[in-house]
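Here the structure comes first, spelled out in structure tokens, and everything after it is commentary.
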Amino acid sequence: MDARVPTALDDFLFDLNGYLILKNAVDADLLAELNDAFDAFPDLQYGEWWGNAQRRDYNGATGFELHNCVEVGAPFEKLLDHPSWINYLRRYCGEAESYVQGLFVDECIASIRRSGGHHPVHSGGFKAAVRNQYAYANGVFRCGQCNVILAISDVGPGDGPTMVIPGSHKSNFPHPNAGDYGKLDRMDHLDGAVPVLLEAGDALLFVDGIMHGGSSRTNESGERRVTIYRYGPHWGSTRYGFEYSEELLNRLTPERRKLLQPVAPNRPR
Ligand SMILES: O=C(O)CCC(=O)C(=O)O
């Protein structure tokens, strides 16, 4: 597969809205491998480790979230530098044309959400942390964290699609009805929020500084399966102290290894 390169229209829409939908990002073979891998997850309790991956749901409503999922199998490794999106991340949050050019994957999660689950609304341009800010200046993007949510199952109405408030990565005001400032933590009926419907294999790429969250899964049966990979500048660090294992780093291609360990540790012999 030829690596996709952001077009002028992609840049325009990413700047305007704060997100892009990459249709058919992953082919049927890799999707099948990922689904098989999800089927094989053990029944982990919150906090339980599986090798160097840990179930660490973001909160009580988000469902099963396996952090460091790149540790648990080859299909997850293939997502790191996937040709459908890697050039977008290099351009938008890879400190392009600077002395610290390069990316770091600071979190990667396999997420399963069942009926009733949701991810509360968060983020937005107002008082945004530098870590997840949107920025473009002097002809280059200087975003902090950008995320790729890949649909492993179809995510249609009622399946708990991710919701975004287009343009909110640049907002100068808090949303009066949302999150810390307002009453609603579910995104379902939040003014300005739109659901991002995806077919299995499609990916949502967004700057973390946009207001976003996961709408309520209202369908009674089945589950929403997605992966969430967070990219940022190569000097970044993980939020929860996860580390990538030597076993993993040693089996990766140099390109993939660099995404998990952009700068090798410098220690005395
Ligand atoms: O689960 C979702 O749809 C949204 C996830 C999310 O908000 C996040 O990972 O920051």
Count - residues of the stretch 125-164 that are open to solvent by less than 30 Å² (accessible area, probe 1.4 Å) and more than 12 Å from the ligand (Cβ to nearest atom): 10
On the basis of being part of a loop (DSSP other than H, G, I, E, B) and not small (Gly, Ala, Ser), does residue 46 make the cut? yes
Could you tell me which numbered condition residue 120 fails, if it satisfies all but one of (1) at negative phi; (2) in a loop (DSSP other than H, G, I, E, B)? (2)
Can you name the condition, by its number, that residue 65 falls short on among (1) farther than 25 Å from residue 124 by Cβ; (2) in contact with a Ser or Thr (Cβ under 7 Å, 6 or more places away or on another chain)? (1)
With respect to residue 225, is the statement that it is under 23 Å from residue 25 (Cβ atoms), open to solvent by 20 Å² or more (accessible area, probe 1.4 Å) and touching a Phe, Trp or Tyr at 6+ places or on another chain (Cβ under 6 Å) true? yes
Among the residues of the stretch 94-105, which ones are within 13 Å of the chain's Cα centre (by Cα) and open to solvent by less than 10 Å² (accessible area, probe 1.4 Å)? 105
Inside the stretch 227-239, can you point out the residues that are in contact with a Lys or Arg (Cβ under 8 Å, 6 or more places away or on another chain) and either at positive phi or within 15 Å of the ligand (Cβ to nearest atom) (or both)? 232
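The values are calculated or read from the model by the stated rules, or taken from the named source; none is laboratory data. Here the structure is a predicted model, which is why all the values come from computation and not from measurement. Cβ atoms come from the backbone with ideal geometry, glycine included; neighbour counts cover every protein chain shown. Remember, those area values only see protein heavy atoms, side chains included, never the ligands or the DNA or RNA. Shrake-Rupley method; radii C 1.70, N 1.55, O 1.52, S 1.80 Å.
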